[in-house]
1. Taking the chain as the reference, fit the longest principal axis to its C-alpha atoms, fit the long axis of helix 347-359 to the helix C-alpha atoms, and give the angle between the two in degrees, 0 to 90, nearest 10.
2. Measure off, as a whole percent, the carbon and sulfur share of the 1.4 Å-probe accessible area of segment 5-457, all protein chains present.
3. Please report, for the Cα atoms of segment 136-256, the Rg to one decimal and the Dmax as a whole number; what are they, in angstrom?
4. Across the Cα atoms of segment 36-131, what radius of gyration and what greatest pairwise Cα-Cα distance (Dmax) are found, in Å?
5. Round to the nearest 10 and give me the degree value, 0 to 90, for the angle of helix 283-292's Cα axis relative to the longest principal axis of the chain.
6. Please give the peptides 268-279, 178-189 ranked by average Cβ packing (other Cβ atoms within 10 Å per residue), highest first, as a rough proxy for protection.
7. I'd like to check one number: the per residue accessible area of segment 5-457, probe 1.4 Å, reported in Å² as a whole number.
8. For the Cα atoms of the chain, what angle does the longest principal axis make with the long axis of helix 73-90, in degrees from 0 to 90, nearest 10?
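The values are calculated or read from the model by the stated rules, or taken from the named source; none is laboratory data. Keep in mind it's a predicted model, so treat the numbers as computed, not measured. Cβ sites come from the backbone with ideal geometry, for glycine too, and all protein chains shown count toward neighbours. Quick note on the areas: whole protein, heavy atoms, side chains included, nothing else; ligands and nucleic acids left out. Shrake-Rupley method; radii C 1.70, N 1.55, O 1.52, S 1.80 Å.
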Amino acid sequence: FYLTPPQVNSILKANEYSFKVPEFDGKNVSSVLGFDSNQLPANAPIEDRRSAATCLQTRGMLLGVFDGHAGCACAQAVSERLFYYIAVSLLPHETLLEIENAVESGRALLPILQWHKHPNDYFSKEASKLYFNSLRTYWQELIDLNSGETTDVKEALINAFKRLDNDISLEAQVGDPNSFLNYLVLRVAFSGATACVAHVDGVDLHIANTGDSRAMLGVQEEDGSWSAVNLSYDHNAQNEHEVERVKMEHPKSEEKSLVKQDRLLGLLMPFRAFGDVKFKWSIELQKRVIESGPDQLNDNEYTKFIPPNYHTPPYLTAEPEVIYHKLRPQDKFLVLATDGLWETMHRQDVARIVGEYLTGVHHQQPIAVGGYKVTLGQMHGLLTERRARISSVFEDQNAATHLIRHAVGNNEFGTVDHERLSKMLSLPEELARMYRDDITIIVVQFNSHVIGACQNEE
């Protein structure tokens with residue numbers, strides 16, 4: 001089943017979104033020029049989510065990718081809610097009081113976030129009241145706890161992640177008299193999601209990561225070449241520190257059963273995630289909630305089984321690992337992406353492809369074929385391909401789309417092979433998942449002049 005280039009483009013561009021930061025937003029000149037984002041589903045419906053928003057009451061911008069498993073319910077909830085929890089955690093005491101007083105007296109609320117959303121990015125209207133009430137309880141507690149100190153960003157990120165996960169768990173235990181909402185909160189809690197979130201404020205970049213999505217910085221070296229700097233670590237069996245951490249939290253008698261076949265308790269790939277109460281609640285609590293829950297929950301195979309060797313829960317945490325990086329003029333862009341991208345591409349290639357795309361310089365590079373014996377015919381093919389690619393750069397107006405094109409269509413020479421791209425994009429739903437995962441990417445472009453000026457001021 002062959003797709004024409006215009007058909008390929010319409011599939012690739014269906015979910016793309018770009019945002020340019022206004023040069024003067026009334027408060028300060030931003031270190032972010034703008035961002036491009038895109039998603040390519042492999043699951044139907046897609047289990048990945050993405051979010052981007054500007055913090056209105058504090059400075060800074062929030063961007064995140066969320067990778068759901070056992071359904072999309074948890075990723076959906078986290079993509080809608082987490083930024084509010086982070087924004088509230090960052091607010092000064094007097095602003096929290098203002099907001100609480102406004103709610104108390106029925107006045108209009110100060111807007112906390114300005115969302116940057118693609119029309120396909122769904123928000124659940126039905127749950128908004130429930131979500132708001134949980135968030136309000138959180139800021140009321142922050143008001144009561146007021147220590148008078150300004151909040152540290154790292155601490156705010158950790159508190160927000162943990163608190164939202166706690167609320168997801170509580171809402172499912174309490175249930176809801178509305179049967180639709182009751183089923184929703186249970187689906188959210190029993191499914192799971194990883195999250196990788198960036199907070200950018202001036203030269204201060206914080207990455208909070210839970211799970212195996214990744215953040216990577218694209219750096220332009222003095223000779224013009226590109227290199228990648230990791231700003232997150234995967235929380236899975238490949239990360240020795242993470243395996244150690246899990247073992248430290250449970251008795252020695254469980255050492256052999258904690259990680260099996262590179263999965264937590266032999267079942268779960270990520271070692272940190274939101275939701276997934278099957279790995280957090282006691283067996284008694286799981287049984288009680290499922291028995292009193294709606295019938296659909298009982299029919300769901302996933303909720304019924306108890307993980308093997310389940311003795312000392314919780315086995316899973318949503319606490320993020322937070323990495324701080326002070327931006328430098330050579331830091332040109334940030335890539336946040338779910339594991340669907342990193343399974344197919346090395347970070348060094350990601351840095352080069354995005355860097356060359358943003359600066360438009362890759363046309364002059366001599367063609368490298370990496371040790372392959374290449375016939376004249378193949379060389380001619382590669383050169384024709386390059387000519388086509390120069391025009392295809394103009395065809396992608398979005399860095400994330402450009403990256404997905406490479407992730408799905410690259411051949412062994414590292415160039416996009418249209419035939420391969422066509423085959424991969426025309427796979428039927430039930431097969432697509434065997435060849436690739438959902439891919440969600442946000443590429444944030446930095447303003448080197450602003451970053452340089454901030455450095456000089458210091």
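1. The answer is roughly 70 degrees.
2. Working: 10870 of 20810 Å².
That share works out to 52 percent.
3. 19.3, 63
4. Expressed in Å, the Cα Rg and Dmax of segment 36-131 come to 15.1, 47.
5. 80
6. Working: 268-279: 25.1, 178-189: 19.9.
The packing order, highest mean first, is 268-279, 178-189.
7. Numbers: 20810 Å² over 453 residues.
I get 46 Å² per residue for segment 5-457.
8. So the inclination is approximately 80 degrees.
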